[in-house]
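Student: Dropping the structure in here first, questions after.
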Amino acid sequence: MSGALAAAAPYSAEVVPLHGQPGSDTLLGHWLALVSKNRHLQLERAARKLRITTTEWIALRQLQRSGGTTQCRLATDAGLTAPSLSRALSSLEDLGYVSRSTDIDDMRFVRVEITEAGRDLVPQLLETERKVDRELFGCLAQAAREELTVALRSVAAVQGIDGGRTVKRGR
């Protein structure tokens, strides 16, 4: 990455290398995990205020993107396990945010649809995510945020990850 990852004022803070060794703080995965965990905790707190879980949040956002789909496909696309998604959908159904029905073409599948109430909630979820991201990454200059986004999308693409889901790739 270029020098664009310099901190933007007024958040400029000197990065102190681990153990005083130049370059020894390049455990990028470690730093990504720390930031990711902090982001997740902030989103978890925000979700509680909305009386949903982060799993329910993820399911709603994915449903908004994909429209109606099968429960199995939703689990795959959202990167959730079938049992955790099933629990989340039960709760979301009780709250009136989703509806489930048996697929008319194949009775083995359960179709999931986002309701109007669910569609109305998604913009609030997205704005909350943007706010959390502004708080987390506001210490970086705009160019650095853009460069970081491009870099992380490139890593995700190489790993076969697309918007939270792992894409099967033939090898």
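Student: Loop-only check: which trypsin sites (Lys or Arg not before Pro) in the range 84-168 are DSSP coil with at most 10 other Cβ within 10 angstrom?
Tutor: Hits after loop and neighbour filter: R108, K168.
Student: In addition: Could you work out the relative contact order of the range 25-171, using alpha carbon pairs under 8 angstrom and six or more residues apart, expressed as a whole percent?
Tutor: With pairs under 8 Å counted, the relative contact order is 23 percent.
Student: S90 versus Q124, label points 7 Å from Cα toward the beta carbon: distance in nm?
Tutor: With each label placed 7 Å out from Cα toward Cβ, I get 2.4 nm.
Read the figures in this text as sums done on the coordinates, not as results from a lab. Every value quoted in this text rests on a predicted model; they were computed, and no experiment measured them. Methodologically, a virtual Cβ is constructed for each residue, glycine included, from the backbone with ideal geometry; neighbour enumeration extends over all protein chains shown.
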